[in-house]
Amino acid sequence: MSKSYYITTPIYYVNASPHIGHAYTTIVADVLARYHRMIGEKTFFVTGTDEHGDKIAEAAQKAGVTPQEYADKISAQFRALCPELAITNDYFIRTTDASHIETVRYILQKVYDAGDIYFGSYGGYYCFGCERFLTEKEIVDGKCPEHGREPKYIEEKNYFFKMSKYQKWLIDHIKDNLEFIRPERYRNEALAFLRDPLEDLCISRPKSRLEWGITLPFDENYVTYVWFDALINYVTALGYPDGEKFKTFWPVAEHLIAKDILKPHGIYWPTMLKSAGIEPYQHLNVHGYWNSDQSKMSKSLGNIVRPLDLKDKYGLDAFRYFLLRDMVFGLDSNFSEEAFVQRLNSDLANDLGNLVSRTITMAVKYCDGKVPQIDRKKRDSVLYDAALNAVAEVKSSFRGMTLHKALIAIWDFINVTNKYIVENEPWTLGKDPANKEKLTLIMYNLLVALRSIAILLMPFMPQTAEKILRQIGADQSDKRDLASINKEDSLTAGSLLIREESLFPRISQEKDLSHASVKNNSVINLKPEIDYAEFAKVDLRVGEILTAEAVPKSSKLIKLKVDIGEERTIVAGIAKDYTPTELIGKKIVIVANLKPAKLMGVESYGMLLASDTENGLTVLTFDREPKKGAKIR
Ligand code: ME8
């Protein structure tokens with residue numbers, strides 16, 4: 001029997017439109033689903049929307065419509081995003097679906113009958129952003145750190161789930177199954193949380209305060225707490241309790257979330273499942289945040305990047321590639337359109353796009369526009385080995401949820417293939433008819449390599465993979481899976497090669513994309529006033545540049561080692577204005593407490609200050625010798 005695979009995304013709140021954070025999780029889930037289908041596993045992929053609770057009721061009220069009307073509208077936006085991003089979900093769930101309401105009530109009754117729900121009174125600080133009561137430890141400076149809002153003290157009679165009863169079981173389960181919550185940093189975070197006694201979970205809201213929810217099966221006056229409702233979607237989607245799908249897919253359930261919702265998924269959900277007599281899910285896969293200007297993207301901060309804008313501007317596969325390549329799964333990443341364009345130009349237009357276009361152009365020219373017939377015994381080995389290495393790396397990256405490494409491995413293979421062209425110089429061989437056999441063999445090997453690259457790219461960049469396969473004359477009956485890579489019959493001699501337009505046109509970087517600077521402007525565009533306390537939060541230091549080197553493949557970035565009393569790596573966008581050598585020894589100004597950010601794969605721990613001149617940038621320095629590491633006031 002073939003293996004099965006079940007992948008879920010969070011179901012998104014319908015209080016705001018999708019942004020790249022949502023798009024990222026859904027795209028990662030899609031890559032996983034496509035990969036597992038490709039390796040022959042029976043796959044089920046679910047995404048959807050979370051539609052009950054205070055947040056939605058509040059947003060609907062503001063918009064002057066009913067919660068249902070509001071939910072219908074925003075849920076439709078999330079649903080429409082799926083085909084736009086080539087998402088191959090098998091099911092789209094809404095928590096307002098009748099089947100879901102029925103399942104939630106069924107599970108509540110089961111947990112109630114097991115004696116795990118009681119009626120009591122509770123007073124605590126409630127964050128409407130998190131839709132949950134916060135513990136004292138979670139409140140920082142009187143506010144919820146996630147939403148920057150003061151939680152509200154609420155005291156009322158409610159139903160409680162005996163979560164505390166399952167604390168020991170959960171700790172043991174997490175410790176016995178080291179991959180249950182991954183990567184490791186999030187397992188440790190969950191275990192750290194479980195070091196304190198677990199409080200019982202308030203799972204109801206009185207209808208007198210909130211009506212927009214699922215009525216409790218055992219008390220008409222209460223609706224279900226939104227998290228208790230939402231988490232259950234993962235089993236509703238499989239037809240729990242009776243569905244055949246539940247039997248097949250629940251034992252292999254993989255949840256995918258960002259770190260914001262680790263607690264409900266890592267603590268509430270497993271204990272709920274345990275109480276309801278359902279086995280725990282297999283893995284909780286947790287990724288970091290896409291930040292914008294170093295803070296989490298959120299509607300309230302107004303730093304949202306809309307996925308469809310980027311897709312429309314640069315193309316879907318470029319967008320998918322950038323998100324998957326630039327985020328190390330588990331860590332935060334800072335979104336910058338400039339870094340996006342750099343990747344598009346270097347990895348996609350230069351490395352991949354050029355490889356495909358020159359290979360097809362040469363193959364059309366030297367092989368009469370068809371896949372050539374060759375003597376199988378003479379098949380070359382360099383590219384075949386490189387393909388097998390890439391396959392092994394890709395497989396291990398999928399096992400370990402390190403998708404960026406899979407892309408690095410595919411690009412290593414692309415680069416080996418580009419090198420093969422340079423070393424073999426088909427254009428020189430083509431000048432002498434005596435080289436015909438050798439040239440044909442080289443072109444054949446290159447076409448096989450293009451096929452392998454296309455197959456490896458299929459989960460990540462499905463449209464690009466399809467375009468490459470079409471150009472090398474592979475028809476739909478071609479068995480497109482990892483096992484077919486390098487196989488002798490993977491190309492059909494005589495198939496017509498089709499030269500198409502370039503896969504990724506280069507984007508001009510003349511216009512500075514990320515730093516809109518105001519020059520020669522009669523009105524100075526000042527930012528809003530801040531008080532001294534806010535300014536004092538910025539830790540400015542004197543730093544001495546110890547080493548400087550260009551960041552590979554980047555025309556703008558330089559990696560610096562700077563001494564500010566301790567050694568720091570800082571990546572600065574000044575390569576157009578300074579050579580690395582002229583920077584060494586300079587005393588500069590550093591923002592020392594900026595959150596680390598990754599630029600072209602290099603982690604940067606701070607930022608240097610610079611300003612515009614008529615012809616580029618100038619780095620801020622001093623007119624008297626400053627003390628290294630000194631504070632700037
Ligand atoms: O929490 N970076 O819904 P939600 C990366 N309804 N991913 C991000 C992100 C960012 N800046 N912002 C959002 C909810 N996400 C609940 C879930 S599940 C039973 C209920 C992604 O609309 C990421 O996957 O706030 C995160 O966990 C999720 O959207 C939160 O979506």
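By the gyration tensor of its Cα atoms, with a ≥ b ≥ c the square roots of the eigenvalues, what is the shape of the range 74-196: rounded for a/c under 1.5, prolate for a/b over b/c, or oblate?
It is rounded, given that a/c, with a ≥ b ≥ c, falls under 1.5.
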DSSP loop trypsin sites (Lys or Arg not before Pro) in the range 1-82 with at most 12 other Cβ atoms within 10 Å of their Cβ, which ones?
Lys3
Once amide H atoms are built 1.01 Å from N in the peptide plane, which residues 5 or more positions from Asn158, or in another chain, come under 5 Å H to H?
Gly120, Ser121, Tyr122
Just to check I understand the Karplus step: with θ = phi - 60° and J = 6.51 cos²θ - 1.76 cosθ + 1.60, what whole-Hz values come out for the range 374-389, glycine and proline as x?
10, 7, 4, 5, 9, 4, 6, 9, 3, 6, 5, 5, 4, 5, 5, 4
Taking a crude spin-label model, label points 7 Å out from Cα along the C-beta direction, the Arg506 to Ala392 distance in nm is 3.6 nm
Whole-angstrom gap from the range 533-591 to the range 616-632, using each part's C-alpha centre:
11 Å
Which one, Tyr240, Val448, Ile410, is farthest towards the positive end of the dipole of the chain when Lys and Arg carry +1 and Asp and Glu -1 on their Cβ?
Val448
Burial-style ranking of 198-206, 183-191, average other-beta-carbon count within 10 Å with highest first, yields 198-206, 183-191
Amide H contacts under 5 Å for Ser292, placed H, 5+ residues apart
Met297, Phe335
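Per 0.36 nm of contour for each residue apart, how much would the distance between Glu244 and Ile408 grow if the chain were fully extended, relative to their Cα-Cα spacing?
Working: separation 164, 0.36 × 164 = 59.04 nm, distance 3.87 nm.
Separation in residues times 0.36 nm, less the Cα-Cα distance, equals 55.2 nm.
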Over the chain, relative contact order from alpha-carbon pairs under 8 Å, at least 6 apart, %
11 percent
State to the nearest 20 debye the size of the charge dipole of the chain about its Cα centre, where the only charges are +1 on K and R beta carbons and -1 on D and E beta carbons.
1100 debye
For the range 398-404, Karplus-derived ³J(HN,Hα) couplings (6.51, -1.76, 1.60; θ = phi - 60°; whole Hz; x for glycine and proline) come out as 5, 4, x, 6, 10, 5, 4
Using only Cα atoms, locate the centre of the range 276-296 and the centre of the range 319-338, then give the distance between them in Å, rounded to an integer.
16 Å
Carbon and sulfur %, accessible surface of the range 121-169 computed with the full protein complex present, 1.4 Å:
49 percent
Along principal axes, Cα extents of the range 392-512, largest first, whole Å:
49, 44, 25
Would you mind working out the accessible area per residue for the chain, using a 1.4 Å probe, and quoting it in Å²?
46 Å²
Given all pairs of different Cα atoms, what value in angstroms does the Kirkwood hydrodynamic radius of the range 294-372 take?
15.0 Å
Taking the simple approach of a point 7 Å from Cα along Cα-to-Cβ for both Asn415 and Asp176, what is their distance in nm?
4.5 nm
Segment Gln373-Ala550, length gained on full extension (0.36 nm per residue, minus Cα span):
59.2 nm
Length-normalised contact order for the range 527-633 - Cα pairs under 8 Å, 6+ apart - percent
30 percent
Would you work out which of Val619, Pro251, Ile27 lies farthest towards the positive end of the dipole of the chain, given +1 charges on the beta-carbon of Lys and Arg and -1 on that of Asp and Glu, about the Cα centre?
Val619
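Which of the peptides 11-18, 162-169 is most tightly packed, and how do the rest follow, going by the mean number of other Cβ atoms within 10 Å of each residue?
11-18, 162-169
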The range 355-397-the range 481-499 distance, computed between alpha-carbon centres (Å)
9 Å
Give me, ordered by chain and number, the residues 5 or more places off Ala610 or on other chains with an amide H under 5 Å from its own placed amide H.
Leu620
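Tell me, what are the semi-axes, in whole angstrom and largest first, of the equivalent ellipsoid of the range 206-337 as set by the roots of 5 times the Cα gyration tensor eigenvalues?
34, 21, 14
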How much of the accessible area of the range 376-518, in percent, comes from carbon and sulfur atoms when a 1.4 Å probe is used?
53 percent
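Taking R0 as 30 Å, what FRET efficiency do you get between Ser208 and Val140 from their Cβ-Cβ distance, rounded to the nearest 0.05?
Numbers: r = 31 Å, r/R0 = 1.04.
Plugging the Cβ-Cβ distance into 1/(1 + (r/R0)^6) gives 0.45.
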Burial ranking of peptide ranges 89-95, 268-274 (average Cβ count within 10 Å, highest at the top):
268-274, 89-95
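State the antiparallel share, in %, of DSSP beta bridges confined to the chain, rounding to the nearest 5.
Antiparallel: roughly 70 percent of the beta bridges in the chain.
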Options Tyr578, Val602, Leu560, ranked by Cα towards positive dipole end of the range 542-613, top entry (Cβ charges):
Val602
Pop out the ³J(HN,Hα) list for the range 119-124 in order, Karplus 6.51 cos²θ - 1.76 cosθ + 1.60 with θ = phi - 60°, rounded to Hz; leave Gly and Pro as x.
9, x, 10, 8, x, x
Treating only Lys and Arg (+1) and Asp and Glu (-1) as charged, each at its beta carbon, one finds that the range 36-163 has a dipole about its Cα centre, in Debye to the nearest 20, of 120 debye
May I ask which of Lys431/Lys467; Lys587/Lys627; Lys162/Lys259; Lys370/Lys419; Lys168/Lys274 have a Cα-Cα span longer than 18 Å here?
Lys431/Lys467; Lys162/Lys259; Lys370/Lys419
Based solely on its DSSP helices, what 222 nm [θ] is calculated for the chain when runs of n ≥ 4 H residues each add -39,500 (n - 2.57) and the sum is averaged over all residues, nearest 500 deg cm²/dmol?
-11000 deg cm²/dmol
Starting from the Kirkwood Rh over alpha-carbon pairs, what translational D in µm² s⁻¹ does the chain have by Stokes-Einstein at 20 °C and 1.002 mPa s?
78 µm²/s
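The values are calculated or read from the model by the stated rules, or taken from the named source; none is laboratory data. This structure is a prediction, so every number in the text was calculated from the model and none was measured. Cβ coordinates were reconstructed from backbone atoms using ideal geometry, including for glycine residues, and neighbour counts include every protein chain displayed. Only protein heavy atoms, including side chains, enter the accessible area calculation; ligands, DNA and RNA are left aside. Shrake-Rupley method; radii C 1.70, N 1.55, O 1.52, S 1.80 Å.
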